[in-house]
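All remarks here apply to the structure that follows.
The values are calculated or read from the model by the stated rules, or taken from the named source; none is laboratory data. If you're wondering where the values come from, they're calculated on a predicted model, not measured in any experiment. Because the Cβ atoms are built from the backbone with ideal geometry, glycine has one as well, and the counts that use them run over all protein chains shown.
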Amino acid sequence: MWLAVLARCFHLQDELAVLELDRVLDASPADLDGHRLALSVARQGRRKLILLKTKYLMNRMDAAAGIATSNVLLHATTSRAVVDSINHVGIAVDDFHGPLGIEFGRESLDAPRWWDAARDPRQLKNAGAEAGRIALVGSVGVGLTAASVVVAKIAAKKR
């Protein structure tokens, strides 16, 4: 939706430029070429800024996809969902760039299949590290629960 808003703003800016050129033509025809050039430079600046911001957005999303695709063993469904969402946004950004005359062309990402991830040492390492953290948090919780039961029994004996 934001891309549609930006595209509409860009379109309105171009329409405003046409009105400006029409006014300059009426007021001072000798200045028309200079004004047209200045408007063209301003438009190029807006295009460049849009390209920088959308590249930044897609780079951040690609980094998120990298994290998702490196954790396929424990999160196969969500990993694929993240990659599919990022590809969907990438297509929308490319579609947004087209009418603005901006060449971006990024390639779609692909999440590895679970079976392929199971044979990848990096995937196994990531899954082991995460499973270890989960086990540690779970064991601390069990330990705290056991300790609270012991403390409660000692307190009950003292009464």
Given (1) in contact with a Lys or Arg (Cβ under 7 Å, 6 or more places away or on another chain); (2) on the phi > 0 side of the Ramachandran plot, where does GLY105 come up short, assuming only one miss?
(1)
Here is a list: VAL82, VAL41. Which entry is more than 24 Å from ARG122 (Cα to Cα) and modelled with pLDDT of 90 or more?
VAL41
Between a first residue in region 102-120 that is closer than 20 Å to THR54 by Cα and a second residue that is buried (at least 16 other Cβ atoms within 10 Å of the Cβ) and charged (D, E, K, R), which pairs have beta carbons less than 6 Å apart while being 6 or more apart in sequence or on different chains?
PHE104/ASP94
Condition first: within 30 Å of ALA127 (Cβ to Cβ) and of a type in the set (Val, Ile, Thr). Can you find one or more residues in region 51-70 that meet it?
yes
Which residue out of LEU37, LEU51 is surrounded by 11 or more Cβ atoms within 10 Å (Cβ to Cβ) and either in a helix (DSSP H, G or I) or not β-branched (Val, Ile, Thr) (or both)?
LEU51
